[in-house]
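One structure is given below, encoded as C-alpha cells.
The values are calculated or read from the model by the stated rules, or taken from the named source; none is laboratory data. Because the structure is predicted, anything quoted here is derived from the model rather than measured. So basically every Cβ, Gly included, is an ideal-geometry build from the backbone, and we count neighbours across all protein chains shown.
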Amino acid sequence: MPLVHYAAREIVCKIVYYGPARSGKTTNLQWVHRAVAEERRSEMVSLATENDRTLFFDYLPLELGQISGFRTRFQLYTVPGQVYYNATRKLVLRGADGVVFVADSQPGRSEENLESLRNLQENLLEHGFDILQMPLVIQYNKQDLEDAVPAADLDRELNFRDVPSSPAEAIRGVGVLETLRTVSELVLGSVAQRYAPSTS
C-alpha cells in the first residue's frame with residue numbers, strides 16, 4: 001500500500017525488482033541511478049556480498065509527477081536473488097505497490113526463473129497480495145547474449161498473466177528506463193483509482 005502523507009501532500013510508492021540471482025536487478029537500478037538527473041534522485045544504498053550480489057536492497061526514491069495535487073515519490077528496491085535469503089526477500093517485498101520481474105535470458109536458467117516467479121507469488125500471498133492483482137512488468141534481460149533465449153519464448157514460459165513485458169540489455173541500459181516507465185504507469189494508475197477521489 002502506498003504511504004500518503006497529507007501534511008506534505010506526498011504519496012510514496014514502492015517498486016520491487018524481483019528475480020533469480022544475477023539476472024540483472026541491481027544493474028537495472030544502477031543504470032536508472034546514472035540516467036536520472038541528480039536533483040530527481042537520492043543516493044543509492046547497496047549492501048552486497050563478496051561476489052557483488054545484492055544482499056539486502058538498493059534504495060532509490062524518484063519524483064515522478066503528481067496525483068490530484070499530491071507529489072508522487074517512488075522507492076525502488078531489489079531483492080537478493082539467492083534462495084537462502086528468502087527471509088530478506090519477504091522483508092523487502094513488504095508494502096510493495098508494483099513489481100518488476102527480471103528474468104535471465106541465458107539458456108539453462110529456465111528453472112531458476114520459474115522458481116523465482118513461484119517464490120514471488122508465495123511471498124506476495126504471505127503479505128496478503130494476489131499476484132494476479134499486483135501491478136507487474138516482466139523484463140527479459142541479457143538479450144544481447146548470442147545464445148539468449150528469445151523474449152517471445154520466455155514470454156510463453158513466464159508471462160501467465162499477459163502483463164507488459166520487454167527484452168532488455170541492462171548492462172547497456174537498453175529497455176531499462178522503458179521498464180521503469182511501464183511499471184510506474186501501472187502503479188500510478190492503481191494508486192489514482194484508490195486515492196485520487198479522497199485526496200482531491
Inset, instruction - State all residues of segment 106-154 that are under 17 Å from the mean Cα position of the chain (by Cα) and closer than 19 Å to Leu180 by Cβ; if no residue qualifies, say none. - result: Leu120, Met134, Pro135, Leu136, Val137, Ile138, Gln139, Tyr140, Asn141, Lys142
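May I ask you to list the residues in segment 22-42 that are buried (at least 18 other Cβ atoms within 10 Å of the Cβ) and of a type in the set (A, V, I, L, M, F, W, C)?
Initial filter on segment 22-42 (buried (at least 18 other Cβ atoms within 10 Å of the Cβ)): 22-33, 41.
Matches in segment 22-42: Leu29, Trp31, Val32.
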Legend entry - Pair list, Cβ under 6 Å, 6 or more apart: segment 121-149 residue without any contact (Cβ under 8 Å) to a residue 60 or more places away in the chain, other residue hydroxyl-bearing (Ser, Thr, Tyr) and outside any loop (DSSP other than H, G, I, E, B): Pro135/Ser190; Val137/Thr179; Val137/Thr182; Ile138/Ser165
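Just name the residue that is surrounded by the fewest Cβ atoms within 10 Å (Cβ to Cβ) out of those in segment 179-188 that are of a type outside the set (A, V, I, L, M, F, W, C) and either at pLDDT 95 or above or touching a Pro at 6+ places or on another chain (Cβ under 7 Å) (or both).
Taking segment 179-188 first, the residues of a type outside the set (A, V, I, L, M, F, W, C) are 179, 181-182, 184-185.
Restricting the remaining residues to those that are either at pLDDT 95 or above or touching a Pro at 6+ places or on another chain (Cβ under 7 Å) (or both) gives 179, 182.
Details: Thr179: 23, Thr182: 20.
Taking the candidates together, the pick is Thr182.
Listed here are the residues, each with its yes/no results for (1) among the small types (Gly, Ala, Ser); (2) out of contact with any Gly (no Cβ under 7 Å at 6 or more places or on another chain); (3) crowded, with 19+ Cβ neighbours inside 10 Å.
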| position | (1), (2), (3) |
| --- | --- |
| Glu111 | no, yes, no |
| Asn123 | no, yes, yes |
| Glu126 | no, yes, no |
| Pro135 | no, no, yes |
| Leu145 | no, yes, no |
| Pro167 | no, no, yes |
| Ser190 | yes, yes, no |
Legend entry - Residue satisfying condition, being modelled with pLDDT under 95, over 24 Å from Thr88 (Cβ atoms) and surrounded by fewer than 17 Cβ atoms within 10 Å (Cβ to Cβ), within set Arg194, Arg156, Arg172: Arg194
Inset, instruction - Considering (1) more than 24 Å from Val12 (Cβ to Cβ); (2) aliphatic (A, V, I, L, M); (3) without any contact (Cβ under 8 Å) to a residue 40 or more places away in the chain; (4) not in a helix (DSSP H, G or I), say which one Ala152 fails and leave the rest. - result: (4)
Inset, instruction - Using the structure shown, decide if Gln139 is in a strand (DSSP E or B), closer than 22 Å to Pro2 by Cβ and not small (Gly, Ala, Ser). - result: no
